[in-house]
Amino acid sequence: MPEKLLEIQNISKHFPGVDALRGVSFDIHRNTVHCIVGENGAGKSTLIKILTGAERRSSGSILLRGREYNPRSTREAMNFGMSVLFQELNVVNQLTVEQNLVLGKEKVRLGFFRRDPQVVARMYEVLRSLDPSIPLGKRVAELSVAQKQVIEIAKAIASESELIIMDEPTAALSEEEVNRLFTIIKELKRQNVTVVYISHRLREIFEIGDAVTVLRDGQMIGTRQVSELGSGGEVGSTAELIKMMLGKVVAERYVAGGGGQGAPVLELRKVSNAKLREVSFSLAKGEILGCYGLIGSGKTEIARAIYGLDQKQGEVLVAGSPAALASPREAIRQGIALVPEERRSEGLFTRLAIRENIPLMNIRSISRWGIFSARREKSLARSYIQKVRIVARDENHPVEKLSGGNQQKVVLSKCINADSRILLMDEPTRGIDVGAKEEIHNLIRELARGGTSVIVFSSELPEVLNLCDRILLLYEGRIRDVVRNGPEVDSERIMHIVTGAKEA
Amino acid sequence: MQADLTLKSGRRGATLDIQLLILVGILVLVMAVSTALTPRFLSYVNMINVLMQVAMIMLTGSAAVLLMIAGAFDLSVGMVLALTGVMYAFMSKNGIPTPLALVLSILIGSGFGLANGALVVGLKITPVIATLGTMYVAQGLAFIVAWIDGGANVTTGLPRDFEVFGRTMVGPIPLFLLIVFALILIFYFLFAKTNLRKYAFAIGGNQTAARLSGLKVGGVVLALYVLVGTLTGFAGMTLASRMGSGSPKVGTGFEFDVIVAIVLGGTSIYGGEGSFLGMILGALIIGFVGNTLNLLNVMFFYQTVLKGLILVGAVLLMRQLRSR
């Protein structure tokens, strides 16, 4: 076993009214990828903040290379060789790759900036070792999220970081980009860098993790060597982790619903636009239809076209009659509602309370003659909090203070309240922890049983396999195949089709 | 009615409550200091005078506060105020029956609101730039009309009924003040109880989400601009009638007073949060401070400096309260 780089001993953190961490202890060994998993609110982010000096611990001690480590600022933590790759990347979009790399590394002489050629050379070398395809002269704004991450990682390594903390680095990456990131992480290990990896996606842990620590409710549940858990492909291995995270066994499995039998409520006939090529399909009453493809395959574009956000040619029929669906307003009037991919920036009014968010897609549900009733607004919110089980202080709780899962439930409530018969759900559980994910899935099943038709646009295969009656397979804006879900469904073939490796 | 009228929105509710309390404290302080410095402050004549100035700020502010909550802005109100006053005088002097001139001058205000809305919503010009443009147009037009009339102001030769609206008294109180306050009350109702409130907060909070939720974002913003223009037209006509002349200089700094009152009242210049009662308190503070300085014969320029400081101070106060 390699030597211990970081020893976390009995760390606690108390906030007024909450114990964010209670007696957490574990070791991180040099040159390993150490994963930390846990539901939202388990204490992961508090732990990162303590490690990077953004928060001070209440008690306990941390040893770095055997010495007491207690950073008072992120700057100090960096001097100790600790870097973080946050979800919100720290690059300057207006500058070029080169300018970003040397930013903050300039030497100041007589009040003028001067580049240290040695530092610059080291930067280039590091970047080249990670990803030689990134052009130095390009403006960072034009790069993909994955490429921006590489730039941040390069900066971290060049400033002699020994430990890089990655906070859900794959949340916004496509499958291919994820693979490239994993190659980079393996390269980091080779360059003697230790990685702390935080993710919701258990599959990834099996792919790159050496050890995994599970947190739940601020407590340490356990640390396991990944090799002890078995390989990621097996059902049993993830089951143990999920059990540790939740404290209970979750059985997520597709149960054939009655959906897909009735008359079509929505039909697309040869719908095309800049991103879509003759997309045709129909959706039955009470059906859960999956729309699966990699990022860029046109999933979101189908949702946007139906919802009247993008122009389209071709025909759309709602309940058998042609509908133009030229704007969200018109789509909503036709009984269609969208749960957008970016729930915070597109689906929610984060500064408003739960109570104020829920009726906004259908203001008539709380008003008459243009005058709203605060009493009705309150009772409406309360009924949804109960019905979809939103965990909040009360209906006045601001949406920005809710966890991702509960925020998504507010978006869902908004859509249900719009009397929608057709729900378009774009990445319904992205960035949501395992427990809340299961709850959202159950809500979708419940809605479908009640006669609502749902289209789930997802880039997570397990999600569509768990949920959907039929699955549309997308590749480059076309529907390549439609498969009916069931025990005999061939996930390997599906992967082949959506990656374009095989013609349907 | 209990909690329903305490215009709370999410977490900001508590912040706004504190801010309103602070404003009431400042208002009481300002009044106490003013009374101590100048006994004339509390006199009937002076009170009517201050209320008249403050009422105009509040009237335009009643709609402008919603506009700002919805994330937009109107800099043209000062010059539209001047132009509508000048037009009211010019039209009634040149043969248009006074009641008709009165209505037409208000509609000129509406027209400017419509133009502002069309520029911002239709042509997607940033509110600050669009309304800065219309502000200069209105200012220029006001001077042109006064020049055609043959002077700096439109004062002489006005029909006798020109001043009726501004001079009629109901007991000790001018009729126009009662009407203006009735209008402000109506707008308070609009703000507190109607869907317009819901729309404004939603659009200012997250325009994309508002559009995806099927709200008529452009329509609401346009309507708010028209309301602001109409109320400003009403204010301009009223001032002209009260003063017995139409002056192109009357609106100087008015847009600034309105914005200071709204921001002082806790409304974010970025939209998404705000308070009607705060705007009312803000207008009173601005009005009383200005009036006291006038009574003390402090030069106008110092007042301008002070108002600037109050605006910056208000923004800082907001940020302090929010960061806690």
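How much space per residue, in cubic angstrom, does the convex hull of the C-alpha atoms of the range B:253-324 take up?
Enclosed volume per residue, from the Cα hull, is 84 Å³.
Taking each residue of A:370-378 in turn, how many C-beta atoms of other protein chains fall within 10 Å of its C-beta, and what is the average?
4
Determine the sum of side-chain charges near B:Leu224: Lys and Arg each +1, Asp and Glu each -1, restricted to other residues whose C-beta is under 15 angstrom from that of B:Leu224.
So the surrounding residues net to +2.
With the cut-off at 12 Å, report for the range B:226-278 the share of all Cα pairs above it, as a whole percent.
Tail of P(r) above 12 Å: 72 percent of Cα pairs.
Can you show me the helix-derived [θ] at 222 nm for chain A, built from DSSP H runs with n ≥ 4 at -39,500 (n - 2.57) apiece and divided by the number of residues, rounded to the nearest 500.
Using -39500 (n - 2.57) per qualifying helix, the result is -9500 deg cm²/dmol.
What FRET efficiency would be calculated for the residue pair B:Val298, B:Ile22, taking the C-beta separation as r and a Förster radius of 22 Å, to the nearest 0.05?
0.35
Is any helix in chain A, taking whole DSSP H runs, at least 15 angstrom long along its axis by alpha carbon and on average at least -1.0 on the Kyte-Doolittle scale, and which ones?
Counting only whole DSSP H runs, the qualifying helices are A:117-130, A:145-158, A:175-190, A:235-246, A:404-417, A:434-449.
Short version: ³J(HN,Hα) in whole Hz for each residue of the range A:329-334, in order, from phi by Karplus 6.51 cos²θ - 1.76 cosθ + 1.60 (θ = phi - 60°), x for Gly and Pro, what are they?
Karplus values, whole Hz, x for Gly and Pro: 4, 5, 4, 4, 5, 7.
Rounded, prolate or oblate: which fits chain B when a ≥ b ≥ c are the square roots of the eigenvalues of the alpha-carbon gyration tensor, with rounded for a/c under 1.5 and prolate only if a/b beats b/c?
Here chain B falls in the oblate category.
Going through the range B:238-324, which chymotrypsin sites (Phe, Trp or Tyr not before Pro) have at most 12 other Cβ atoms within 10 Å and a DSSP loop state?
For chymotrypsin sites (Phe, Trp or Tyr not before Pro) across the range B:238-324 that sit outside H, G, I, E and B with at most 12 neighbouring Cβ atoms in 10 Å, the list reads B:Tyr270.
Say we join alpha carbon atoms closer than 10 Å with springs in a Gaussian network model of chain B; which of B:Thr252, B:Thr84, B:Thr232 then has the biggest fluctuation?
Of B:Thr252, B:Thr84, B:Thr232, the most mobile in the Gaussian network model is B:Thr252.
Quick check on the range B:67-250: take the gyration tensor over C-alpha atoms, sort the square-rooted eigenvalues as a ≥ b ≥ c, and tell me if it's rounded (a/c under 1.5), prolate or oblate.
oblate
From zero up to wherever the largest Cα-Cα distance of the protein assembly as shown sits, split into 20 Å bins and tell me the percent of pairs in each.
Spelled out bin by bin, the protein assembly as shown gives 13, 37, 33, 15, 2, 0 percent.
Per DSSP helix of 4 or more residues, -39500 (n - 2.57); summed, then divided by the residues of chain B. What does that give at 222 nm, rounded to the nearest 500?
It comes out at -24500 deg cm²/dmol, rounded to the nearest 500.
Using label points projected 7 Å from each Cα along Cα→Cβ, tell me how many nm separate B:Val312 and A:Ala274, to one decimal.
In this crude spin-label approximation the distance works out to 4.4 nm.
Counting just the Cα atoms, what span does the range B:193-305 cover along each of its three principal axes? Round to the nearest Å and put the largest first.
54, 28, 24
As a test, work out the antiparallel percent of DSSP beta bridges whose residues both lie in the protein assembly as shown, rounded to the nearest 5.
60
Kirkwood Rh over alpha-carbon pairs of the range B:32-109, then Stokes-Einstein at 37 °C and 0.692 mPa s: what D in µm² s⁻¹, rounded to an integer?
217
Could you tell me which residue out of B:Asn291, B:Thr230, B:Gln320 lies farthest along the dipole of the range B:205-324 toward its positive end? Charges go on the beta carbon: Lys and Arg +1, Asp and Glu -1, centred on the Cα centre.
B:Gln320
Given 0.36 nm per residue, what is the gain on full extension from A:Ile371 to A:Ser327 after removing their alpha carbon distance, in nm?
13.3 nm
Specify which residue in the list A:Asn31, A:Gly60, A:Leu47 is farthest towards the positive end of the charge dipole of the range A:1-100, using unit charges on the beta carbon of Lys, Arg (+1) and Asp, Glu (-1), about the Cα centre.
In the range A:1-100, that residue is A:Gly60.
Tell me which of A:Ser12, B:Gly204, B:Phe191 sits at the most positive position along the dipole axis of the protein assembly as shown, charges placed on C-beta atoms (Lys, Arg +1; Asp, Glu -1).
Comparing the listed Cα positions along the dipole, B:Phe191 ranks first.
Which one, B:Gly157, B:Gly140, B:Gly244, has the greatest fluctuation when you compute a Gaussian network model over chain B with C-alpha springs under 10 angstrom?
B:Gly157
Would you mind computing, in nm to one decimal, how far apart the modelled labels at B:Leu37 and A:Glu240 are, each placed 7 Å from Cα along Cα→Cβ?
The two pseudo-label positions are separated by 7.8 nm.
If you count the DSSP beta bridges with both ends in the range A:293-431, what percent of them are antiparallel, to the nearest 5?
Around 55 percent of the beta bridges assigned by DSSP in the range A:293-431 are antiparallel ones.
From zero outward in steps of 10 Å, how is the percent of C-alpha pairs of the range A:264-498 spread across the bins?
Spelled out bin by bin, the range A:264-498 gives 8, 33, 36, 18, 4, 0 percent.
Would you please name the GluC sites (Glu not before Pro) within the range A:1-85 that are DSSP coil residues with at most 13 other C-beta atoms within 10 Å of their C-beta?
A:Glu3
Please give the peptides B:195-207, B:214-226 ranked by average Cβ packing (other Cβ atoms within 10 Å per residue), highest first, as a rough proxy for protection.
Result, highest mean first: B:195-207, B:214-226.
Read-outs: derived from the displayed coordinates by stated rules, not from any lab. All values derive from a computational prediction rather than experimental measurement. Cβ coordinates were reconstructed from backbone atoms using ideal geometry, including for glycine residues, and neighbour counts include every protein chain displayed.
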